[in-house]
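Here the structure is laid out as C-alpha cells; the discussion comes afterwards.
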Amino acid sequence: MDVAEFVERVMSMEFTPRGRSYEQGDCWAVVWLLWRDVLGRELPEYNTGYASAGASDVDRSLVGRIMARESAKWRKTEHPCLGDVPLLRCSGRACHVGVMINRRQFLHIEDRRGAMVERLSSPIWSRRCEGVYRLVK
C-alpha cells in the first residue's frame, strides 16, 4: 500500500480506544497501521494497559506511562520522515501521537475531530509537539 492510499483509508476511521483497524482506531492505531501496511514492519499494538485512551486525566496519565516505558526504543530526530512519530501534548501531558506521512505533515486521529492531516509547523502543533521520534532499528 502506498502513502496516499493509506491516508485515504485512515481518513474514514472512527476514533475508538484500543481499536486497531481501518474502521476503528485510536492515535496509536494510525502509527501501527502505517508501519504494518506501508513500511512492512510490525510494532507492538499497545492496546492493553490503559482504560480507554480518552480525555480523562487518568487515561492520559496511563498512556503517558506506557510511552515513557517504551521511550528507549525511540530517538528524537530533527529531520522527520515517513513513519516517524510526533509526540504531542494534550492538557499539558505528552500523551498523543501521530505519524509522519512526509517531512512536514503528520496524520493523527482525535476523539471528537476524527482523522486529520496537519503540518507540524502549524501554530497549534508547533507549540504542542514535544518532539518527533524515530524507531531505533
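Can you give me the relative contact order of the chain as a percent, contacts being Cα pairs under 8 Å and 6 or more apart?
Result for the chain is 24 percent.
Keeping every protein chain present and rolling a 1.4 Å probe, give me the accessible area per residue for the chain in Å².
Working: 7210 Å² over 137 residues.
That works out to 53 Å² for each residue.
Efficiency by 1/(1 + (r/R0)^6): what FRET value for Arg127 and Arg69, r their Cβ-Cβ distance, R0 = 35 Å, to the nearest 0.05?
Details: r = 26 Å, r/R0 = 0.74.
For Arg127 and Arg69, the calculated efficiency is 0.85.
Between exposed GluC sites (Glu not before Pro) in the chain, where DSSP calls loop and at most 14 other Cβ atoms lie within 10 Å, what's the longest gap? Mind showing how you got there, number by number?
Values: sites that count: Glu23, Glu42, Glu45, Glu78.
The longest such stretch corresponds to 79-137.
In nm, give the distance between the simple-model label positions of Ser12 and Arg104, each being 7 Å from the Cα along the Cα-to-Cβ direction.
That separation, rounded to one decimal, is 2.9 nm.
Rounded to a whole number, what % of the accessible area of the chain do carbon and sulfur atoms account for, probe 1.4 Å? Intermediate results must be reported in sequence, preceding the final value.
Values: 3610 of 7210 Å².
C and S fraction of accessible area: 50 percent.
Report the FRET efficiency, 1/(1 + (r/R0)^6), for Arg89 and Met116, where r is their Cβ-Cβ distance and R0 is 22 Å, rounded to 0.05. Walk me through the numbers before you get to the answer.
Details: r = 17 Å, r/R0 = 0.76.
So, using R0 = 22 Å, E works out to roughly 0.85.
How long is the gain from Thr77 to Val3 if the chain were fully straight, where each residue apart is worth 0.36 nm and the alpha carbon distance is subtracted? Please report the intermediate quantities before stating the final value.
Details: separation 74, 0.36 × 74 = 26.64 nm, distance 2.09 nm.
Using 0.36 nm per residue and subtracting the Cα-Cα distance, I get 24.6 nm.
Full-extension gain between Arg134 and Glu23, please, as 0.36 nm times their residue separation minus the C-alpha to C-alpha distance. Provide the component values of the computation, followed by the final result.
Numbers: separation 111, 0.36 × 111 = 39.96 nm, distance 2.62 nm.
Once the chain is fully extended between Arg134 and Glu23, it gains 37.3 nm.
Residue farthest toward the positive end of the dipole of the chain, with Cβ of Lys/Arg at +1 and Asp/Glu at -1: which of His96, Phe106, His79?
Going by the Cα projections, it comes out as His79.
The values are calculated or read from the model by the stated rules, or taken from the named source; none is laboratory data. Computed from a predicted model, the values in this text were never measured in an experiment. Positions of Cβ are generated from backbone atoms using ideal geometry, with glycine treated the same way; all protein chains shown enter the neighbour counts. We work out accessible area using only protein heavy atoms, side chains counted, and drop any ligands, DNA or RNA first. Shrake-Rupley method; radii C 1.70, N 1.55, O 1.52, S 1.80 Å.
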